[in-house]
1. For residue A:188, all conditions in the list (1) within 28 Å of residue A:100 (Cβ to Cβ); (2) surrounded by fewer than 24 Cβ atoms within 10 Å (Cβ to Cβ) hold save one; what is the number of the exception?
2. Looking at segment B:76-103 only, could you name the residues that are buried (at least 19 other Cβ atoms within 10 Å of the Cβ) and either within 22 Å of residue B:237 (Cα to Cα) or of a type in the set (Val, Ile, Thr) (or both)?
3. Checking residue A:175 against (1) surrounded by 24 or more Cβ atoms within 10 Å (Cβ to Cβ); (2) within 11 Å of chain B (Cβ to nearest Cβ); (3) in a strand (DSSP E or B), which single condition isn't satisfied?
4. For segment A:224-243, state whether one or more residues are within 21 Å of residue B:196 (Cβ to Cβ) and assigned to a loop (DSSP other than H, G, I, E, B).
5. Check whether at least one residue in segment A:261-284 is within 19 Å of residue A:178 (Cβ to Cβ), away from chain B (no Cβ under 14 Å), of a type outside the set (S, T, N, Q) and part of a strand (DSSP E or B), and report yes or no.
6. Which residues, taken from segment B:32-80, are part of a loop (DSSP other than H, G, I, E, B) and either over 23 Å from residue B:110 (Cα atoms) or touching a strand residue (DSSP E or B) at 6+ places or on another chain (Cβ under 7 Å) (or both)?
7. For residues in segment B:133-144 being within 11 Å of chain A (Cβ to nearest Cβ) and not in a helix (DSSP H, G or I), which is surrounded by the fewest Cβ atoms within 10 Å (Cβ to Cβ)?
8. Can you report the number of residues in segment B:181-200 which are within 11 Å of chain A (Cβ to nearest Cβ) and either β-branched (Val, Ile, Thr) or part of a strand (DSSP E or B) (or both)?
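The values are calculated or read from the model by the stated rules, or taken from the named source; none is laboratory data. Keep in mind it's a predicted model, so treat the numbers as computed, not measured. Glycine gets a Cβ as well: all are built from the backbone with ideal geometry, and neighbour counts include every protein chain shown.
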Number of protein chains: 2
Amino acid sequence: MDEKILRIFGKHDDNYVSGEEISKELGFSRASVWKHIQTLRHLGYEIDAVPHLGYKLVARPDRLIPEEIQYKLSTRSLGNKVLAYESLDSTNNTAYGLAEKGEKEGAIVVAERQKKGKGRQGRNWISPNGGIYLSCILRPDIEPREVAKITLVAAVAVCSSIREITGVSAMIKWPNDIMIGKKKVCGILTEMKAEQDRVDFVIVGIGINVGAATGNLPKTATSLAKESEGKISKVALTKKILESLEEHMALFNKEGFGKIRNEWRDYSATLGHHVKIHCHNEKTEGHALDVDKDGALVVRLDSGIQKRILSGDVTIAH
Amino acid sequence: MDEKILRIFGKHDDNYVSGEEISKELGFSRASVWKHIQTLRHLGYEIDAVPHLGYKLVARPDRLIPEEIQYKLSTRSLGNKVLAYESLDSTNNTAYGLAEKGEKEGAIVVAERQKKGKGRQGRNWISPNGGIYLSCILRPDIEPREVAKITLVAAVAVCSSIREITGVSAMIKWPNDIMIGKKKVCGILTEMKAEQDRVDFVIVGIGINVGAATGNLPKTATSLAKESEGKISKVALTKKILESLEEHMALFNKEGFGKIRNEWRDYSATLGHHVKIHCHNEKTEGHALDVDKDGALVVRLDSGIQKRILSGDVTIAH
């Protein structure tokens with residue numbers, strides 16, 4: 001109902017709409033219109049009310065609620081269903097549970113904060129108010145071995161969106177972090193349910209420090225607010241990410257990672273540097289040459305031998 | 001409590017034990033002993049009761065209950081916890097749910113029948129009474145791309161167990177079926193929850209047609225009862241599978257699939273044959289040469305080119 005009222009405001013752009021007109025168009029009483037206006041105000045919408053003129057939408061809130069995320073969202077399916085929460089243990093856990101119960105591709109889960117935000121390998125992701133905590137349900141027709149590529153595709157989508165919305169030169173640290181300089185501003189956690197040779201669903205979880213007070217964040221982290229001038233709109237960034245992720249996933253599903261690799265290279269903070277990689281208690285050190293068509297990091301060891309790294313934690317020697 | 005009484009019978013082998021002795025040893029009344037004897041009889045245990053002599057265990061039931069599966073089971077952890085049900089939708093679904101809630105490696109789920117037994121790629125697995133429906137929770141330290149090998153390891157464990165217990169020449173059809181001649185007697189469904197580069201848990205689901213009336217099974221299927229002489233003990237076969245699976249998984253975790261590959265080759269119904277493979281709407285046809293160290297099927301196409309097949313449905317031209 002709130003959404004219908006917002007749509008009527010939208011049709012009238014910056015002009016006043018009378019309570020009578022809204023009540024006629026939606027077929028409910030003027031008292032009921034007033035009640036819904038109150039609800040919208042409670043959600044953070046600024047709505048002027050002037051006798052004889054009616055109501056006017058003055059400002060939309062920068063909140064991750066369905067009404068805002070879906071407003072002029074240009075995706076085909078991603079974000080068609082938005083499940084928004086004040087607080088969750090983990091948006092990935094909630095999205096995973098929904099996907100297990102059959103939730104379709106494109107549904108997303110967002111929260112204002114996470115109590116047990118998750119990072120890779122069972123680590124925490126500190127998730128205070130002011131960040132974007134977004135999990136997307138995808139059902140790509142791929143094998144489990146290909147799922148690491150989804151993380152790289154998502155990293156490209158998120159990195160390009162951050163650049164476009166904020167103007168900040170965000171970079172990708174292989175495999176799943178978005179960096180500004182030496183500090184982490186975003187992490188991506190991909191989880192899946194799969195059979196031996198078929199993925200049932202993938203949850204792409206994206207955590208971004210937007211306006212979060214940097215005092216609450218680890219020393220190795222920063223926020224977009226701190227790194228950029230001007231206020232960042234969480235809603236605008238979220239919408240851009242959804243549009244970019246859908247576009248890049250369509251390209252990936254059609255052409256594979258190969259087509260996205262060039263863009264990945266452009267954003268890479270890893271290639272061309274001396275790196276140390278920890279993986280399953282094994283340490284590798286060398287010069288990061290490239291990412292191959294399977295998403296593996298190609299490293300030239302000191303011995304001259306080239307090695308493909310499929311997963312691990314990277315430290316970059318600056 | 002029932003288990004404690006069974007243990008006392010075990011200590012006395014084939015001899016009578018007086019109700020007084022049991023009651024003393026366990027510290028409860030003779031009326032209570034009698035009640036538990038009744039419970040055991042209800043579970044299928046044949047127990048003689050003779051005045052002045054006491055109770056004697058005459059026969060154990062061939063039922064997949066914890067008391068029987070764990071009796072003289074020689075595994076280190078697999079089967080340490082047995083969750084047994086009369087009927088489930090799917091033992092894999094129940095095991096998956098338990099693993100998500102943190103159930104440890106080694107717990108198993110068994111059911112007398114499944115209402116919605118699952119096969120690969122969303123297919124059904126017809127699961128009437130008389131079969132073994134067993135799902136094992138494993139937490140191997142592997143990457144998602146390695147999970148297909150677990151299916152091959154499980155196939156070797158199950159195939160060797162069927163051979164040992166029944167004497168039937170069971171064979172493995174790549175990747176996940178156990179065959180007797182041209183007919184399927186067992187299917188293996190491996191499912192997992194994973195991050196991009198780390199498996200959280202794997203559920204190895206094993207469905208075997210043991211004594212199931214073959215009338216209830218598809219035409220392409222058979223049962224161990226039909227193919228072998230003499231009665232097959234579901235309990236003995238289940239225990240052997242648990243022991244063999246644990247042993248083979250230990251070898252796999254330590255040495256990789258390479259060490260198990262020779263045994264796999266010995267049991268293979270696929271190698272050396274002309275095969276047709278359907279995978280993701282793609283058809284491949286050729287001579288099945290080998291399975292490689294990654295578990296891929298190596299096929300020589302008519303053009304002479306060798307191709308590695310990572311997944312698919314195989315038809316063997318006999």
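1. (2)
2. B:78, B:79, B:82, B:88, B:90, B:91, B:92, B:94, B:95
3. Every listed condition holds for residue A:175 apart from (3).
4. Looking through segment A:224-243, none of the residues is within 21 Å of residue B:196 (Cβ to Cβ) and assigned to a loop (DSSP other than H, G, I, E, B).
5. Among the residues of segment A:261-284, at least one is within 19 Å of residue A:178 (Cβ to Cβ), away from chain B (no Cβ under 14 Å), of a type outside the set (S, T, N, Q) and part of a strand (DSSP E or B), which makes the answer yes.
6. Within segment B:32-80, B:45, B:51, B:52, B:53, B:64, B:65, B:70, B:78, B:79 qualify.
7. Restricting attention to segment B:133-144, the residues satisfying the condition of being within 11 Å of chain A (Cβ to nearest Cβ) are B:141-144.
Of the ones still in play, those that are also not in a helix (DSSP H, G or I) are B:141-143.
Numbers: B:141: 10, B:142: 20, B:143: 21.
Checked segment B:133-144; the qualifying residue surrounded by the fewest Cβ atoms within 10 Å (Cβ to Cβ) is B:141.
8. Matching residues across segment B:181-200 total 10.
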